[in-house]
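Remarks on the structure that follows.
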Amino acid sequence: MATRPIFLPAPVGQVGVIEKMLEFKWVPGMAVIQKQKSIRELHKTAAAYGISPVLEISSKSEDQLGQRLSAFNLTFTTKKHKTTYTVESAFQGSKVFQSAGPFIDLMEATPREAKRDIRLKESGNLIGFEFLGKRFPSEPKTFFYDWLYINALHQNSELADQICHFSGFTDIEFNPKKSINCQGYAAALYLSLKINDKLTRALESPSEFLRLTHEQYKNQLRATPVQNKMF
């Protein structure tokens, strides 16, 4: 047995994400087919609690939509330079550490190469992010990743429209005891902003995004309390 979260957009009238921890039968093995068996078990448990349909967002998803929404595959194009990046590479290439960073060359690397770059582990503690000249704080812990993912998703309107048909989202690789950022969480937050007619305002600027989501981050188990100021 294993325990993993499922992410649901908060009820209408409240911007945020509900995280429900579900216990389900885990199918051991590193092969994709084994991961997909575990995904089915997780979704079966979710359905038993009345949560359906559920979309697995990861490269292991059996749904092509879920694969395309993986941070390894989801891309966006910058307005100024018309450069296209994956969410994962942009995220890793924006990290600022105590002794180095950001390593902007990682933005051009493949997602797998970017995530495994040894410099990310040898440069001290993470102190923030810098993306295209804009600085982002390291707290709330998932703020920058969520902002980046949601902006990318909004650019891909065809994909964004399709997630509206799902009640919840999972990421079989995400374990909140070991990880912080999650594409399933970010997708649920996107949907919450959209159904509450806050999405356009949230995307006006990083500070406006944080203003609209700060209550959610205060209640997020893996995030520390929100600072009064963004910078």
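The values are calculated or read from the model by the stated rules, or taken from the named source; none is laboratory data. From a predicted model like this one, the values you see are computed outputs, not experimental measurements. Here Cβ is always computed from backbone atoms with ideal geometry, including for glycine, and neighbour counts include all displayed protein chains.
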Next item on the list: Would you mention how many residues in the range 181-231 are exposed (fewer than 14 other Cβ atoms within 10 Å of the Cβ), at pLDDT 95 or above and assigned to a loop (DSSP other than H, G, I, E, B)?
Entry: 3
Notebook entry, point to check: Can we say Gly13 is within 25 Å of Tyr149 (Cα to Cα), at pLDDT below 95 and loosely packed, with under 15 Cβ neighbours inside 10 Å?
Noted result: yes
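Yes/no per residue for (1) assigned to a strand (DSSP E or B); (2) under 18 Å from the mean Cα position of the chain (by Cα):
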{"residue": "Gly13", "(1), (2)": "no, no"}
{"residue": "Ile18", "(1), (2)": "yes, yes"}
{"residue": "Met21", "(1), (2)": "yes, yes"}
{"residue": "Val27", "(1), (2)": "no, no"}
{"residue": "Arg40", "(1), (2)": "no, no"}
{"residue": "Ala47", "(1), (2)": "no, no"}
{"residue": "Gln67", "(1), (2)": "no, yes"}
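Quick test for you: out of Lys82, Lys95, pick the one residue that is of a type outside the set (Ser, Thr, Tyr) and modelled with pLDDT under 95. First the steps, then the outcome.
On the way: Lys95 fails: modelled with pLDDT under 95.
Going through Lys82, Lys95 in turn, just one is of a type outside the set (Ser, Thr, Tyr) and modelled with pLDDT under 95: Lys82.
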Note to self: Out of Lys35, Lys115, Lys80, I need the residue that is among the charged types (D, E, K, R), in contact (Cβ under 8 Å) with a residue 60 or more places away in the chain and either outside any loop (DSSP other than H, G, I, E, B) or not assigned by TED's automatic domain parsing to the domain that holds Ala10 (or both). Which one?
What the structure shows: Lys35
Check: Would a scan of the range 153-171 turn up a residue that is touching an Asp or Glu at 6+ places or on another chain (Cβ under 8 Å), more than 17 Å from Thr86 (Cβ to Cβ) and modelled with pLDDT of 95 or more?
Finding: yes
